[in-house]
Structures are given as structure tokens and as C-alpha cells.
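What follows is a single structure, written as C-alpha cells, with notes after it.
The values are calculated or read from the model by the stated rules, or taken from the named source; none is laboratory data. The model shown is predicted, which means the values in this text are computed figures rather than measured ones. With ideal geometry, Cβ positions are generated from the backbone for all residues, glycine too; neighbour counts draw on all protein chains shown. Areas reflect the complete protein model, heavy atoms only, side chains present, ligands, DNA and RNA absent. Shrake-Rupley method; radii C 1.70, N 1.55, O 1.52, S 1.80 Å.
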Amino acid sequence: MNVFYSTEILGGKIVLRDQEAQHCTKVLRKGRGEEIYVVDGRGHRYTCEIEDQERSSTTLVIKSTEYRDQDENQPYLAFGLIKNTSRLEWLLEKVTEIGVNRITPLLCKRSERSSWKHDRLQKIVISAMKQSLQYHLPILDEPMSVDQYLASQKLKNRYIASFGEGIPEFNKIEDRCQSPVIMIGPEGDFTPEELTLAVDQGYQRVNLGPTRLRAETACMLACAIARG
């Protein structure tokens with residue numbers, strides 16, 4: 001099933017533009033009168049018929065609409081910004097496929113600064129949403145400091161991954177699937193000061209397993225565990 005994305009919806013019609021339109025008409029060679037599916041990232045999936053095609057846009061007529069509520073128990077992931085671009089893009093793709101409601105990159109003390117090309121990364125998240133046949137688009141935040149993040153985030157069931165002995169395993173915590181917020185450190189992990197600050201704000205330290213993981217692997221594993 002090929003699914004397209006658009007938020008340009010008005011009066012019973014949808015317009016696909018630029019890459020979405022090109023993919024529909026040039027790559028898949030869809031023509032007038034054919035049916036396709038479109039999601040808006042806000043819970044709606046539209047069954048549409050192609051009405052008109054131009055060089056950079058395709059106009060669709062909505063035939064029917066289906067709505068799906070967002071899973072309230074999807075995790076919220078906050079992770080130390082990863083320097084390597086390909087690994088960062090892989091991470092965003094995979095956690096979106098698993099199912100998250102929000103993604104916040106953190107500028108930690110041990111983060112090696114990386115450029116953040118929001119438009120490109122947003123397209124990767126959109127593509128992963130379509131590929132995994134989801135109706136809701138995760139919120140992708142701009143990078144922020146740990147202090148900013150902790151001051152802005154007041155949700156319950158907060159966890160921070162921490163490697164070491166005597167720390168409970170995340171997959172054995174009973175309420176881990178109830179709208180969890182998960183913090184994962186950068187390469188080199190959080191500093192002791194950052195860890196203490198998070199714990200003081202109500203975050204519970206959890207262990208993701210007996211092996212030391214790459215940052216992006218830890219993010220994916222934590223989200224998979226949270227999804228149950």
C-alpha cells in the first residue's frame with residue numbers, strides 16, 4: 001500500500017505538492033481517476049481519487065475518510081544529540097516506525113555538536129510514518145538543553161537510562177507502557193550532574209540490559225520495550 005502525506009485539505013479536496021506529487025505521478029505513474037491513500041499526520045486517512053495533475057502538484061478528490069485515535073501510551077523520547085548524521089537519521093526513522101508521540105534532541109554536556117537540518121529530518125520522520133502505515137506524525141522538536149527540557153516537561157512515568165549495577169531493568173517495570181517519558185544519554189552518557197538533576201525532577205533510573213549500547217541502539221530498544 002502506497003500512502004501519501006498532505007496537510008493541504010480544503011473543501012473535499014487534497015493537494016499533493018513537490019516530492020509527494022512527483023512520487024505519485026512520476027515514480028508510481030498514478031493517473032487521473034486512480035485511487036490513492038493520503039494521511040494528514042493528525043489521525044486521518046483519506047481515500048482519494050486523482051482529479052488533476054500539474055508539474056509540481058496533484059489535486060485529489062476525497063472519497064472517504066477514516067480517523068484513528070492516537071495511542072496515548074506511545075513513548076516520548078528525549079535523547080542526547082548524535083553527531084553522526086547517518087546514525088541520527090536512522091534513529092529517527094526507526095523510533096518513528098516503532099511508534100512515538102514526540103522526539104526531543106538534547107544538547108548534553110557530552111554531546112558532540114552536530115548540525116540540525118530540521119526540514120530534512122522532518123521529511124525522514126514523515127516518510128517513516130507513511131512506511132509504517134501510521135496516521136499520526138510524531139512531534140519533532142528543535143534541539144534544547146537538558147535544563148530547558150526538564151523545565152518544560154511535566155509528564156508522569158519518567159525514566160532515564162543508566163548503565164550500572166542495582167538499577168531496575170526497564171522491561172520489568174509494570175507501568176512502563178503507560179505514556180512513558182524516556183531520556184537516553186549521548187555518546188559518553190549523561191554527566192553525573194545531569195543524571196542527578198533528572199532524578200531530582202522525578203526521573204527513575206532504569207537499566208536497558210547487561211551490555212553497553214550505542215546511543216541510537218539504546219533509543220530504539222527503550223522505545224521497543226515501552227511499546228511492550
Within segment 88-133, GluC sites (Glu not before Pro) in DSSP loop having at most 13 other beta-carbon neighbours inside 10 Å: Glu112
Extension gain from Gln70 to Ser57, taking 0.36 nm per residue of separation minus the Cα-Cα distance: 1.8 nm
Lysine pair count for segment 99-228 [Cα-Cα under 26 Å; pairs on different chains or 8 or more apart]: 6
Neighbour-limited loop hits for trypsin sites (Lys or Arg not before Pro), segment 33-82 (at most 13 other Cβ within 10 Å; DSSP other than H, G, I, E, B): Arg55, Arg68
Anisotropy class of segment 149-190 from Cα gyration tensor, a/c 1.5 cut: oblate
222 nm mean residue ellipticity, helices alone, for the chain (DSSP H n ≥ 4; -39,500 (n - 2.57); rounded to 500): -8000 deg cm²/dmol
Fraction of accessible area attributable to carbon and sulfur, the chain (%, probe 1.4 Å): 45 percent
Leading residue at positive end of dipole, segment 105-228 (Cβ point charges), from Pro210, Ser179, Leu137: Leu137
Crossing angle, helix 85-98 versus the chain [Cα axis fit, 0-90 degrees, rounded to tens]: 80 degrees
Top positive-direction residue, dipole computed over segment 1-99 with Cβ charges, set Ser56, Ile9, Gln70: Ser56
Stretch in the chain that is longest and holds no chymotrypsin sites (Phe, Trp or Tyr not before Pro) that DSSP places in a loop and that have at most 16 other beta carbons within 10 Å: 1-115
Projected label distance in nm at Lys83 and Gln178, using a 7 Å step from Cα toward the beta-carbon: 4.1 nm
Pairwise FRET efficiency - Glu193 versus Gln122, Cβ, R0 = 25 Å, nearest 0.05: 0.20
C-alpha long axis of helix 118-131 to longest principal axis of the chain, angle in °: 70 degrees
In segment 34-75, GluC sites (Glu not before Pro) in a DSSP loop with at most 16 other beta-carbon atoms within 10 Å: Glu34, Glu54, Glu72
Equivalent ellipsoid dimensions for the chain as semi-axes, Å, which come from the Cα gyration tensor, largest first: 38, 18, 14
